[in-house]
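Notes follow once the structure below has been shown.
Every number in this text was worked out from the coordinates using simple rules, so none of it is lab data. All figures in this text were calculated on a predicted structure; none of them were measured in a lab. Every residue, glycine as well, gets a Cβ built from its backbone with ideal geometry; the counts of neighbours run over all protein chains shown.
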There are 2 protein chains.
Amino acid sequence: MGGDHGLGVTVPASLAFLGQERAAQLILVGQKDLIEAELKKNRAENHPRITVRNASEVVRMDDPIEIALRRKKDSSMRVAIQMVRNGEADACVSAGNTGALMAISRYLLKTMPGVDRPAICAILPNQKNGPTYVLDLGANVDCAAEHLHQFALMGSALFANIEGNPRPKIGLLNVGTESIKGNEVVKKAGELLHTEHENGTLNFCGNVEGNDIFEGTCDVVVCDGFTGNVTLKAIEGLGRFFRNVLVSEFRSSLLNGLGALLAGKALKTIRQRLNPSRFNGACMLGLRGLVFKSHGSADAYAYECAIKRAHEAVKRSVLLRISTTMAELLQNSKDHQAAEKIKKENGIQEQETV
Amino acid sequence: MGGDHGLGVTVPASLAFLGQERAAQLILVGQKDLIEAELKKNRAENHPRITVRNASEVVRMDDPIEIALRRKKDSSMRVAIQMVRNGEADACVSAGNTGALMAISRYLLKTMPGVDRPAICAILPNQKNGPTYVLDLGANVDCAAEHLHQFALMGSALFANIEGNPRPKIGLLNVGTESIKGNEVVKKAGELLHTEHENGTLNFCGNVEGNDIFEGTCDVVVCDGFTGNVTLKAIEGLGRFFRNVLVSEFRSSLLNGLGALLAGKALKTIRQRLNPSRFNGACMLGLRGLVFKSHGSADAYAYECAIKRAHEAVKRSVLLRISTTMAELLQNSKDHQAAEKIKKENGIQEQETV
């Protein structure tokens with residue numbers, strides 16, 4: 001139901017996704033009559049791999065978290081997350097109100113042991129043609145150094161398990177690369193991460209700056225949710241600006257129009273490589289369940305990308321893997337108690353340490 | 001002497017600037033023999049509008065502020081700022097160590113009345129083909145709400161006097177537009193700015209998000225130096241990424257190459273509109289003197305733009321105007337004492353209030 005465009009985007013995106021992924025099944029959660037009407041409009045009212053689950057209420061984009069959490073107990077968001085909790089669904093994807101999605105997820109799914117606060121992790125492209133994971137992107141606007149430390153552990157675990165690189169390079173977003181740089185929180189976080197590097201828990205490569213996100217200097221960029229959110233939105237704003245300049249200049253004269261026609265393939269590749277939709281679908285990390293957040297303004301293609309990302313995480317057993325990796329990291333780190341708890345819950349057997 | 005490229009950039013930039021501005025004069029401050037050798041290399045050893053002023057030391061990019069401030073008393077940076085203080089120069093432009101430049105400027109020039117901390121203000125392009133002023137970009141990594149309040153007053157005064165718009169729209173950079181959004185500092189700053197809007201001091205349009213910088217939602221965007229610095233560098237990183245994708249795709253095939261040739265004019269305009277060099281030259285705002293900071297990595301064209309910006313500020317008597325505007329703003333605001341002080345210093349006569 002969520003996002004700026006609602007079912008007009010989420011239903012076509014679901015159908016496109018199912019067209020690509022022949023073994024996947026989707027449960028569409030929301031106002032049943034509206035969803036079925038939209039399916040009918042798309043000639044898919046009897047799709048064999050779609051189930052519709054009714055939820056009478058909708059969390060609005062401007063609903064305060066309190067309303068979403070306490071009042072709307074039959075919202076599509078809440079019902080969907082409850083299904084993840086019950087094991088009826090493997091993951092939840094939503095384009096709705098971020099604050100509400102995080103609060104409901106936290107309330108129903110709880111956080112992993114060793115995690116005080118879940119974080120939102122997005123994947124951005126870099127000049128090395130690889131991904132840069134960035135977290136937190138807005139779940140935590142006031143962070144202590146310990147939270148940044150946990151974000152680093154979670155980001156490292158996610159990257160390791162999705163990208164198949166056991167020692168991802170972790171960078172701490174700062175105003176300069178020297179360790180004396182930054183505000184008090186980030187300086188202290190730098191010390192914690194340095195200790196984790198010394199004891200072999202993390203591959204911490206020190207402070208990085210804003211431009212390093214795109215230069216691929218490190219694999220995972222850690223920051224507080226305020227900085228991360230502002231930076232991400234500024235990046236998106238610049239992306240749109242750039243695209244508009246590109247389009248308007250190529251349309252501005254006949255000769256340019258002809259040139260653009262001939263340059264069509266390059267322009268298409270450029271649009272494709274820089275298309276922010278491809279990177280839609282941020283992971284809410286640190287929960288005992290998979291929840292993915294699509295942009296509210298996502299179009300059908302972007303929303304399909306977010307579903308794909310959730311599907312990929314399910315296929316790769318990312319949740320179990322992250323739990324395992326987190327337990328290992330915490331074992332090396334200071335938080336042994338949390339590590340034991342994770343292992344016990346996941347039935348992970350104690351291994352001999354070399 | 002400063003910047004990543006030193007005299008190889010600053011001297012040609014100075015000559016290009018003087019070629020454009022026929023009435024301007026430049027004082028090149030630094031190691032005299034090296035500067036004169038560079039001038040000779042550019043066949044300008046006897047340029048009638050260039051004076052060379054010797055300074056035996058150089059502040060390095062990685063010098064701690066303490067070293068720059070206390071040890072290197074004959075650095076080019078310090079000598080240049082001292083000349084501004086003495087009235088021998090109207091403005092100082094440097095591509096050197098930002099922290100050192102700010103610390104020395106603050107020490108020698110002092111801050112304006114009503115200003116606790118100077119801020120760095122850059123001008124970015126927006127989709128409305130106008131400028132967006134953003135401050136602070138790194139002078140203050142730990143800010144209280146009162147500092148953001150002062151940045152808003154300074155930014156408003158700068159925009160008003162450079163752009164000739166007496167009521168610039170001020171936005172507070174945040175993670176959402178609703179007033180309940182953000183961390184504690186930004187929420188409190190929002191309240192202070194709202195009060196200033198109510199009493200007519202500022203034209204505060206509320207919270208803005210990262211993307212608003214490029215959408216031209218407001219004229220001046222206020223943020224703490226940590227967020228501002230990270231965001232600016234991320235934007236620059238993305239800009240370089242875009243440019244590289246553009247260039248590499250157009251070169252990747254002969255047909256694309258031909259298309260690019262025909263699309264040449266559009267590409268040139270795009271490069272020009274998006275060229276970050278055009279926007280080089282950030283103003284160190286809140287000092288009793290004009291100091292402009294060029295990017296360390298600036299090439300000659302970018303450095304020339306920074307000199308132009310400083311020259312423009314001198315021509316428009318920006319320093320006196322800002323002092324006057326700040327006095328007016330502070331008169332309306334709570335800080336009457338500071339307002340009286342500014343007026344007295346600038347010889348501004350008391351006017352009847354309507």
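Among the GluC sites (Glu not before Pro) in region A:112-193, those located in a DSSP loop and surrounded by at most 16 other Cβ atoms within 10 Å of their own Cβ are A:GLU178.
Among A:GLY130, A:GLY264, A:GLY216, the residue with the largest mean-square fluctuation in a Gaussian network model of chain A, with springs joining Cα atoms closer than 10 Å, is A:GLY264.
If R0 is 51 Å, the Cβ-Cβ spacing of A:GLU198 and A:LEU34 corresponds to a FRET efficiency of close to 0.35. Spin-label model, A:ASN129 to B:ARG316: label points 7 Å out along the Cα-to-beta-carbon direction sit 4.6 nm apart. For B:LYS233, a cut-off of 15 angstrom between C-alpha atoms picks up these aspartates and glutamates, skipping any fewer than 8 places away in its own chain: A:GLU209, A:ASP212, A:GLU215, A:GLU236, B:ASP136, B:ASP224. Among beta bridges identified by DSSP and lying wholly in region B:124-236, the antiparallel ones come to about 15 percent. Using the Karplus relation 6.51 cos²θ - 1.76 cosθ + 1.60 with θ = phi - 60°, the per-residue 3J(HN,Hα) values for region B:286-295 come to x, 9, 8, x, 8, 10, 10, 10, 8, 3 Hz, with x marking Gly and Pro. Using a Gaussian network for chain B with springs between C-alpha atoms less than 10 Å apart, which of these wobbles most: B:PHE159, B:PHE226, B:PHE151? Between B:PHE159, B:PHE226, B:PHE151, it is B:PHE226 that shows the largest mean-square fluctuation. Normalising the average separation of contacting C-alpha pairs (under 8 angstrom, six or more residues apart) by the number of residues puts the relative contact order of region B:265-316 at 34 percent.
By the helix-only formula, in which each DSSP H run with n ≥ 4 contributes -39500 (n - 2.57) and the sum is divided by residues, chain A has a 222 nm mean residue ellipticity of -15500 deg cm²/dmol.
Of the listed pairs A:LYS110/A:LYS293; A:LYS72/A:LYS188; B:LYS169/B:LYS268; A:LYS169/A:LYS268; A:LYS41/B:LYS181; A:LYS73/B:LYS169, which have alpha-carbon separations greater than 29 Å here? Over 29 Å apart, Cα to Cα: A:LYS72/A:LYS188; B:LYS169/B:LYS268; A:LYS169/A:LYS268; A:LYS41/B:LYS181; A:LYS73/B:LYS169. Between A:ALA160, A:ALA298, A:ALA24, the Gaussian network model of chain A with springs among Cα atoms under 10 angstrom shows the greatest mean-square fluctuation at A:ALA24. What average count of beta carbons from other chains do you get within 10 Å of the Cβ of residues in B:213-220? Partner-chain Cβ atoms within 10 Å, mean over residues of B:213-220: 3. Distances between equivalent label points of A:SER179 across the copies, with each point positioned 7 Å along Cα→Cβ, amount to 4.5 nm, shortest listed first. Could you tell me how far the Cα centroid of region A:10-58 sits from the Cα centroid of region B:4-26, in Å? Comparing the Cα centres of region B:4-26 and region A:10-58, I get a distance of 64 Å. Between the amide H of B:VAL59 and those of B:SER76, B:MET77, distances stay under 5 Å, these residues lying 5 or more places away or on another chain, with hydrogens modeled in the peptide plane. Charges were assigned to the Cβ only: +1 to each Lys and Arg, -1 to each Asp and Glu. The resulting dipole of the protein assembly as shown about its Cα centre is roughly 1740 debye. The aspartates and glutamates whose alpha-carbon is closer than 20 Å to the alpha-carbon of B:LYS315, local same-chain residues fewer than 8 away aside, are B:GLU21, B:GLU88, B:ASP90, B:GLU163, B:GLU304. Taking the Cα centre of region B:142-257 as origin and assigning +1 to Lys and Arg Cβ atoms and -1 to Asp and Glu Cβ atoms, the resulting dipole is close to 460 debye.
Among the residues of A:194-207, the average count of other protein chain beta-carbon atoms within 10 Å of the residue beta-carbon is 0.
Between A:ASN275 and A:ARG251, the modelled label-to-label distance comes to 1.9 nm, taking each label 7 Å out from Cα in the direction of the beta carbon. Is the C-alpha gyration tensor of chain B telling us rounded, prolate or oblate? Criteria: a/c under 1.5 is rounded; beyond that, a/b larger than b/c is prolate, otherwise oblate. Verdict is oblate for chain B. In a simple Cβ point-charge model (Lys, Arg +1; Asp, Glu -1; nothing else charged), chain B has a dipole of about 1160 debye relative to its Cα centre. Distance from the Cα centroid of region A:122-140 to that of region B:200-219 is 26 Å (rounded to whole angstrom).
For the protein assembly as shown, the equivalent ellipsoid derived from the alpha-carbon gyration tensor has semi-axes of 47, 29, 27 Å in decreasing order.
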